[in-house]
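Got a structure for you, written out below as structure tokens; questions coming shortly.
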């Protein structure tokens, strides 16, 4: 985050495990979710709510929220992909 001069407003420690139950609260004011797992990037329209598929894309194999998770305007970014971060932060 520092390399891209991203101003972090809130940090949640990794010891606080966030699960599927926390996903609606994270996405409530968002209109788009971008879930990234390596080179795989999925985009979800959240205007009609958070689908089960979108919620599953937010979670890792342990059932916890993937990191990093960022809110950028009305977009929630979950996971990491350099090209997607470049698109949102350059």
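Derivation of every value follows stated rules applied to the coordinates shown; laboratory data play no part. Computed from a prediction, not measured in an experiment: that's the story for all the values here.
Just from the alpha-carbon atoms, what are the Rg and Dmax of the chain in angstroms?
Calculated on Cα positions, Rg and Dmax stand at 12.4, 35 Å.
Select from 15, 31, 43 the residue whose mean-square fluctuation is largest in a Gaussian network model of the chain (Cα-Cα springs shorter than 10 Å).
Of 15, 31, 43, the Gaussian network model singles out 15 as fluctuating most.
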